[in-house]
Each structure stands twice: as C-alpha cells, then as structure tokens.
1. Filter the stretch A:20-41 for residues that are within 10 Å of chain B (Cβ to nearest Cβ) and farther than 14 Å from residue A:185 by Cα and give the result.
2. Can you pull out every residue in the stretch B:6-23 that is within 7 Å of another protein chain (Cβ to nearest Cβ) and more than 22 Å from the chain's Cα centre (by Cα)?
3. Taking the stretch A:189-212 only, how many residues are at the interface with chain B (Cβ under 10 Å from one of its Cβ atoms) and surrounded by 17 or more Cβ atoms within 10 Å (Cβ to Cβ)?
4. Of everything in the stretch A:201-224, what is touching a residue at least 60 places away in the same chain (Cβ under 8 Å) and within 15 Å of residue A:58 (Cα to Cα)? Give them in sequence order.
5. Of all residues in the stretch A:18-31, which are outside any loop (DSSP other than H, G, I, E, B) and either under 18 Å from residue A:205 (Cβ atoms) or free of Cβ contacts under 8 Å to residues at least 24 places away in the same chain (or both)?
6. (1) surrounded by 15 or more Cβ atoms within 10 Å (Cβ to Cβ); (2) within 22 Å of the chain's Cα centre (by Cα): which one isn't true of residue B:26, the others all being true?
7. Does residue A:129 satisfy being surrounded by fewer than 16 Cβ atoms within 10 Å (Cβ to Cβ), at pLDDT 95 or above, closer than 30 Å to residue A:3 by Cα and more than 14 Å from every other protein chain (Cβ to nearest Cβ)?
8. Picking from A:102, A:111, A:53, which residue would you name as being part of a loop (DSSP other than H, G, I, E, B) and either within 14 Å of another protein chain (Cβ to nearest Cβ) or over 21 Å from residue A:215 (Cα atoms) (or both)?
C-alpha cells in the first residue's frame, strides 16, 4: 500500500512539476509564475532542493542513531545510523550533481567553487571520511562506537556548511527558500507541488532507508 | 547541443530528473544484489 501510494504520489509530482505551464502573470490555478533569471530552469528546484533536504535529514538521523548506539550499545542502532549516513551521502552527491548541471546552463560552467559548491563539497569529504573510518575498523563494537562519535561531530558541522557558510559569503546561487527577506517567490500551486515533492522524496528516502537497514540486519544475524 | 539545451531549458530539468532517478535506482539495485547474494549463499 505504502509503495503504491508513493509511486502514484511521485508520478503526480513529476508530471505536475514538468507539465504545468509557466507564465509571467498566472491567471488560473494550474499556472506557475515565471521566476526572473531562472525561467523554465526554476523547475529544477522540485528535484534539486529535496535531494539537499534529504541529505540534511539523513545526516541528522545518522547522528540521532549514533547517540542511541552510544547510550544502549545495540548494533542495530549502528546499522540504522550507517544506513542514514549512506543515504545522506547519496543525496548530497545528487544535490551536487544536479546543482552542477544547473550551473552549466546558468553560470556557463559545471563547477566554479561558488560558496555553495565549496561547502557541499566539504560536506561530501566529511562523510566520505565517515565511510573510510568504518571500513578501517574490523571489530564491530569498536567500529560502531567510533562511527557513532564521528557521526555526531560530522552532523554538528553540517548546519554550518549547509546553511551558514553559503549565506555569509557572496554567492551566485539563487536565493534559497529560507531567504533573508523571509519571502517565498512562488504562487500557491508552485508551493503545493514543491511541498508535495519534499513529502514524496521523504517517503522515498524512508523506504530506501528501511530496505538498507533490513538488508544489513540480515547480514548481522547471519554473521552472529 | 549546449546551445539547444540553453534554448530549451525544460530538457535540462529532464536531465536533472534523470540523474536523480539513476542515483535512486543504482542504490536500490545495490541493496537488491546484496540480498540476492545472501539468498544464494543460504541455499547452498
């Protein structure tokens, strides 16, 4: 049921995000307003922003299960933490890749070390080191403890790279949803599709995370 | 190609959707092959 609903939801989001017309002055409910400088490319936000949101959510989840592991010493919490970090890395990479594609057609180059690109790159390195650390330790309990501590430290740095650094330095990145003016540059239809996309991607993330956790618990039980 | 995409930017959005889809599919495929490996090893 959940999977069928998720499939229908995401299909609707993709169709609406790509299909609804974009006009300068929307007259009817099914039209999106044209966002200056972005134009049709503004539709990217329905897919690019959710990937960035999911990486934030996943890194926080990784920290929460890391703390849980340190409190209870249950290896299943370590598995949940690692699965969240893995998905966080995937979505962080996808946010970087989709951002680079947009940059090519807006800035003329895939990569130009803009503060946003630099900060997400550093975040990728930080979480890349998390997996290097995990694979370097063979004893399960020791690996879980080290990874839990690292996931807490890494998650503490995440808001700085995701939210603070790109805002204190001059960036060419379009004004994010959480902007200094506190204004949303969308009409209601656009906002509904955007929030539906965020919800759909979050559901997709939850499904992927549960699958990864199940697979890793099976592996743990086979070895023990 | 770049010029065509600049003039028809909806295709850039399609390309972005494709990248996200490939990423999600590759991840799910990885989990699937992991489970298959254990299924096969538990049969022997």
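The values are calculated or read from the model by the stated rules, or taken from the named source; none is laboratory data. Note that the coordinates shown come from a computational prediction; the quantities given were computed from them, not determined experimentally. Glycine gets a Cβ as well: all are built from the backbone with ideal geometry, and neighbour counts include every protein chain shown.
1. Hits for the stretch A:20-41 are A:40, A:41.
2. B:6
3. Qualifying residue count, the stretch A:189-212: 6.
4. A:201, A:202, A:203, A:204, A:205, A:207, A:208, A:209, A:212, A:213
5. Once the filter is applied, which keeps residues that are outside any loop (DSSP other than H, G, I, E, B) and either under 18 Å from residue A:205 (Cβ atoms) or free of Cβ contacts under 8 Å to residues at least 24 places away in the same chain (or both), the stretch A:18-31 yields A:19, A:22, A:23.
6. Result: residue B:26 passes all but (1).
7. no
8. Of the residues listed, the single one that is part of a loop (DSSP other than H, G, I, E, B) and either within 14 Å of another protein chain (Cβ to nearest Cβ) or over 21 Å from residue A:215 (Cα atoms) (or both) is A:111.
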